[in-house]
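Written out below as structure tokens is the structure these notes cover.
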Amino acid sequence: MNSLEKFPEKFITDLKTIINPRDFITDEEQINPRLTDWVGYADGKSSLMLTPRNTQEVSSILKLCNNYKIPIVPQGGNTGSVAGAIPNGEIILNMTKMNSIREINPKDYTVTVDAGCILEKVHELAIKSNRFFPLSIGSQGTCTIGGNISTNAGGISVLKYGNMRDLVLGLEVVLPNGEIWNGLRRLRKDNTGYALKHIFMGAEGTLGIITGACLRLFPEIREKTTAFASLRDLDSCIELLELLRSEAGDSLSSYELIPGIGLGIAITYGDKIIEPLSKRYEWNVIIEFSGTKNDGDTKLNLENALNKAIENGIILDATIANSLKQAASIWKIRKAIVEYQPRLGGEIKHDVAVPISNVPEFIKEANDAVRKVIPHIRPVAYGHIGDGNVHYNVCPPLQYDNIKFKEKTEEIHKVVYDVAFKFGGSFAAEHGVGVVKKNEMIRYKSDTEINLMRLIKLSIDQNQIMNPGKLFDN
């Protein structure tokens, strides 16, 4: 059976007139890597992948798909973790060939890029222009700007610079009917009615295709100082955050919680990671101060703040990196937790947010809740607690049956999300909803919120061709 027989013949004929034959892909070897996201949450299916090279091609493709009511799934670097870009028989619209830098304007502190531009490329261009783009995430060598915007990506610098939503000045979007909305404005202030760009940010490709973005740049970072500190206890992570903010203000750019079990994972399985302190403690933090002047102030300020924290009994010990190599070694701990946690026999992952002041109580209550489901389960709570984002993952007890552990996934999810909800939190802090968290949308969002989102979806995507089955069912 021809893989394209499910589509009308005229549709395929017209589609082939829109794009280059090399961008009309039916080869399984090229499509298959695009059917599973990096965490392996979903095995999708698709018989056709399109790789457009400009906005007009995207417009023509969507207009044709809309006329025939044929659904389409936008995809960037495919680095998501909730199956938000995995097709279930739909056409894949792969945006990675739209990867140009359209314009950089250092005086306006802006850069305008195609949606398929790799995040790391934006970092490099900003540095060459003596500017700085702050979004920093583990997949930055692969992920695309369009995907970052569609999932409202966060990362380790949200504390100082905000989520991706805070870094976007304007968008270019192709609507489901093929119309192009050019909102690529370099304005910091534009108080002229509805802020349309925000509708498409965090929408996970369910309302249209982001094809271009105007991003905010910042002054070049010329000095960074990184420290690793052990906490008196979990509660003191909030006390230390308050002290650091009062001492340093905007110099504090990253504040990451590192549990003792996570440090153990990094030391045991990571690549030549050195134990940062002479003794290992249950709770620790990675701290980064950054500044635009190369005058040694960030290191001096951080030293003074840590000395105060020790005097006040907030922290037990600390070390400040004296070289780029030492700083990189400290940050490798954070990365290694993510990479090697499955070595503990598997993991059940959660990406939640709660008000910052409630982070310790959330972790304590969640620990109690999951241990009632599986005694001796091993929680690994870490992440960007400076903005209330906790990656709350759990690993099975020693010698626990892996199949039995996986069977508890939904029950574990529910008790963790219930605790987050109790504290006024979110079940999806920075990774989105996709397919994996659709049930949570219904469970924790009010009917009013869901109905408003459905109204927006139906008003923009009347034929419901855009990434169907994501966020909520059509």
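Residues that are surrounded by 20 or more Cβ atoms within 10 Å (Cβ to Cβ) and touching a Gly at 6+ places or on another chain (Cβ under 9 Å) within the stretch 335-357 comprise 336, 337, 341, 351, 352, 353, 354, listed in sequence order. Are any of the residues in the stretch 370-383 modelled with pLDDT under 95 and within 28 Å of residue 332 (Cβ to Cβ)? Yes: the stretch 370-383 contains one or more residues that are modelled with pLDDT under 95 and within 28 Å of residue 332 (Cβ to Cβ).
Sub-7 Å Cβ pairs linking a first residue in the stretch 293-309 that is in the same structural domain as residue 230 (by TED's automatic domain parsing) to a second residue that is part of a loop (DSSP other than H, G, I, E, B), at least 6 apart or interchain, are 293/222; 294/222, ordered by first then second residue.
Those strands (runs of 3 or more DSSP E) of the stretch 91-165 in which at least 2 residues are touching a residue at least 40 places away in the same chain (Cβ under 8 Å), among the hydrophobic types (A, V, I, L, M, F, W, C) and touching a strand residue (DSSP E or B) at 6+ places or on another chain (Cβ under 8 Å), considering only elements entirely within it, cover 91-94, 110-114. Residue 407 meets all of the listed conditions (1) in the same structural domain as residue 426 (by TED's automatic domain parsing); (2) farther than 22 Å from residue 433 by Cα; (3) more than 26 Å from the chain's Cα centre (by Cα) but one, namely (2). Does residue 470 meet the test of being outside the structural domain of residue 63 (by TED's automatic domain parsing) and touching a Ser or Thr at 6+ places or on another chain (Cβ under 9 Å)? In short, yes. Condition test on residue 432, is it touching a residue at least 24 places away in the same chain (Cβ under 8 Å), loosely packed, with under 15 Cβ neighbours inside 10 Å and over 26 Å from residue 64 (Cβ atoms)? So residue 432 fails the test. Apart from one condition, residue 473 fits all of (1) outside any loop (DSSP other than H, G, I, E, B); (2) surrounded by fewer than 13 Cβ atoms within 10 Å (Cβ to Cβ); (3) of a type in the set (Asp, Glu); the exception is (1).
Of all residues being touching a Ser or Thr at 6+ places or on another chain (Cβ under 9 Å) and of a type in the set (D, E, K, R) in the stretch 275-290, which is surrounded by the most Cβ atoms within 10 Å (Cβ to Cβ)? Just the residue, please. Among those that are touching a Ser or Thr at 6+ places or on another chain (Cβ under 9 Å) and of a type in the set (D, E, K, R), it is 288. Looking across 309, 248, one residue alone is modelled with pLDDT of 95 or more and not in a strand (DSSP E or B). It is 309.
Among the residues making up the stretch 387-411, those that are surrounded by 21 or more Cβ atoms within 10 Å (Cβ to Cβ) and either touching an Asp or Glu at 6+ places or on another chain (Cβ under 7 Å) or modelled with pLDDT of 95 or more (or both) are 389, 390, 391, 392, 393, 394, 395, 396. Of everything listed in (1) surrounded by fewer than 16 Cβ atoms within 10 Å (Cβ to Cβ); (2) outside any loop (DSSP other than H, G, I, E, B), the single unmet condition for residue 440 is (1). Taken as a whole, the condition of being on the phi < 0 side of the Ramachandran plot, touching a residue at least 12 places away in the same chain (Cβ under 8 Å) and not assigned by TED's automatic domain parsing to the domain that holds residue 151 does not apply to residue 328. Going through the stretch 154-203 one residue at a time, which ones are within 19 Å of the chain's Cα centre (by Cα) and of a type in the set (Asp, Glu)? 166, the sole residue that qualifies. On the stretch given as the stretch 191-219, residues that are farther than 30 Å from residue 181 by Cβ and either of a type in the set (Asp, Glu) or surrounded by 22 or more Cβ atoms within 10 Å (Cβ to Cβ) (or both) total 0. Taking (1) touching a helix residue (DSSP H, G or I) at 6+ places or on another chain (Cβ under 9 Å); (2) in a helix (DSSP H, G or I) in turn, residue 78 satisfies each apart from (2). Where strands (runs of 3 or more DSSP E) fall wholly inside the stretch 171-237, the ranges with 3 or more residues that are aliphatic (A, V, I, L, M) are 209-216, 223-231.
Looking for something under 24 Å from residue 186 (Cα atoms) and either surrounded by fewer than 21 Cβ atoms within 10 Å (Cβ to Cβ) or at pLDDT 95 or above (or both) - is there at least one such residue anywhere in the stretch 58-72? Within the stretch 58-72, one or more residues are under 24 Å from residue 186 (Cα atoms) and either surrounded by fewer than 21 Cβ atoms within 10 Å (Cβ to Cβ) or at pLDDT 95 or above (or both). Looking for something surrounded by fewer than 19 Cβ atoms within 10 Å (Cβ to Cβ), under 29 Å from the mean Cα position of the chain (by Cα) and either in a strand (DSSP E or B) or of a type in the set (Asp, Glu) (or both) - is there at least one such residue anywhere in the stretch 258-266? No: the stretch 258-266 contains no residue that is surrounded by fewer than 19 Cβ atoms within 10 Å (Cβ to Cβ), under 29 Å from the mean Cα position of the chain (by Cα) and either in a strand (DSSP E or B) or of a type in the set (Asp, Glu) (or both). Scanning the stretch 220-241 turns up one or more residues that are surrounded by fewer than 20 Cβ atoms within 10 Å (Cβ to Cβ) and either within 30 Å of residue 197 (Cα to Cα) or aromatic (Phe, Trp, Tyr) (or both).
The values are calculated or read from the model by the stated rules, or taken from the named source; none is laboratory data. Small disclaimer: the values here were computed from a predicted structure and weren't measured. Don't worry about glycine lacking a Cβ; one is built from the backbone with ideal geometry, like all the others, and counts go over all protein chains shown.
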